[in-house]
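What follows draws every value from the coordinates through simple rules; no lab data is involved. All values reported here derive from a predicted model rather than from experimental measurement. Here the Cβ positions follow ideal geometry from the backbone for every residue, glycine too, while neighbour counts run over all protein chains shown.
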Amino acid sequence: MDGPVLESSGEAGWLKSFRKKSFENFKTLPLEQSRLFAKYADAGALDLEKFGRPEKKRENIPERFKGYEGAALVRGGDEVFLSSPGQELQKSGVIFTDMLTAVEKYPELVKKHLLSDSENQSKLEAFNSAFFGNGTFLYVPEGLEVANPLRSLYLENGTNASSRSIIIADSLSSLVFMEENFSLNGRNQPSLFTNFTSVFLGEGARVDFGGLQNLGSGVTNVDIKKSFCEADSHIAWNIAMFGGKFTKSQVDSVLKGDGSAATDNEMIFANETQRFDTMSSLVHIGESTTGKTVAKGVMKGSASAVMKGAIDIGKGAKNSNSYLAEHAMLLGKDAKADAIPSLEIRNKDVKATHSASVAQVGEDQMFYLMTRGLSESDAKKMLVRGFFEPLIQAISPGRMRETTRAIVDLKWTGEKVVMPHGILLSLSEDAEQVQRQDMFGGHYKYR
């Protein structure tokens, strides 16, 4: 495999060194560092060597977003199609731009946060750090409450690409952030997309993070999300993953400061031959920290998933309260799932609980619904909706909540949701008021 993609492109020396060190780590680190999870690692499904360096490919995106006044960043590959930080936010000191622009204009701020966790890279983090081409950069200054959601939309175009993003919420600030990854035009050829987003929360900061992934059926997807919470801060992850051929995801919530908290809600819906490998971890370092992870998956057809979770409570993390739940629903005899919780507790003054289940649809539930006049298919569909609905309700932006419900319905029927070329999803603020049927009729394409 070639070395870091931008090694000779005139980048700053510190970034070149960071890429080279990350590349060396990638070559030497194991795919799974935990012995508990090592036997579940599927190296064949994630053979990064065969993908080589990310590709360069330009897209002819129509000038659909001219005049847009909200806060949004739309990217594809390394290109930026829209960078709209919002006039009022700019006046308030918010920085919302693509990563390459941030490296050029705010090098010290980027460097501080990009290198902060570089000594603890996993293999997949190291790969992304070596090869990323662009990404999203967001800084919200101290004490600022951002009322409207900020949005980052990535349009995958069938080529290999890696995205690296950083979100910084300074002390006592608050924001809602939406990260959405779609494929253009239903392109389903084999490709690799890696996405790594780090969120840094200052003391008393609050971040509501909504993640939506619906990539094409030929995409191998690596999705990493990490948060670092200082004292009394709180992050809420609400992540829905539907697309891709094989998806390996990782969500880490590091509770560094006393009184910090993390809520992690994750849902996956896999059909046909899709495969998911998910990992969710709560790392308690400060005192009186609180963490809650709920991961739910539905497997239909011949789909499969490995759902891993971990609670790690350190020696100094007194009075921590941590909860981990992993539940999978199987729809069909060929669907498979493993739910694997893990607890490592090095402190007696804590509360830690976990639950895990993998089961077919309950016969009693089916009987009850079918005696009310529902067909077998409609009864299963209703159970799937009910299974996911508590997690969907937790999604903060209403527009993303409705989109998630709509995709769940389409996954049930087997229809593919893609982002058609030239008919991109509306970014208007009133999109939250659009009903589900109108949203998909006007902005999505059925295949």
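Which net charge results for the neighbourhood of residue 154, defined as the other residues with beta-carbon distances under 10 angstrom from its beta-carbon, given Lys and Arg at +1 and Asp and Glu at -1? Before the final figure, lay out each step's value.
Details: positive: 75; negative: 156, 179, 180.
Net charge around residue 154: -2.
Set the bar at 32 Å for Cα to Cα. Now go through 256/300; 91/292; 91/248; 225/411; 91/226 and name every pair that lies beyond it. All intermediate terms of the calculation are to be shown ahead of the outcome.
Details: 256/300 39 Å; 91/292 36 Å; 91/248 39 Å; 225/411 24 Å; 91/226 29 Å.
With Cα atoms farther than 32 Å apart: 256/300; 91/292; 91/248.
At 7 Å along the Cα-to-beta-carbon direction for both residue 88 and residue 346, put a label point, then send me their distance in nm to one decimal.
In this crude spin-label approximation the distance works out to 4.7 nm.
P(r) tail for the stretch 139-257, what percent of Cα pairs lie past 16 Å?
Numbers: 4165 of 7021 pairs.
Cα-Cα pairs in the stretch 139-257 separated by more than 16 Å: 59 percent.
Multiply the residue separation of residue 333 and residue 142 by 0.36 nm, subtract the distance between their alpha-carbon atoms, and state the gained length in nm to one decimal.
Contour length minus the Cα-Cα distance gives 63.5 nm.
Starting from the eigenvalues of the Cα gyration tensor, five times each then square-rooted, give me the equivalent ellipsoid semi-axes of the stretch 236-394, largest first, whole Å. Let's see the in-between values first.
Details: eigenvalues 213, 52, 32 Å².
Over the Cα atoms of the stretch 236-394, the ellipsoid semi-axes are 33, 16, 13 Å.
Kirkwood Rh over alpha-carbon pairs of the stretch 13-359, then Stokes-Einstein at 10 °C and 1.306 mPa s: what D in µm² s⁻¹, rounded to an integer?
Values: Rh = 20.5 Å.
So the translational diffusion coefficient is about 78 µm²/s.
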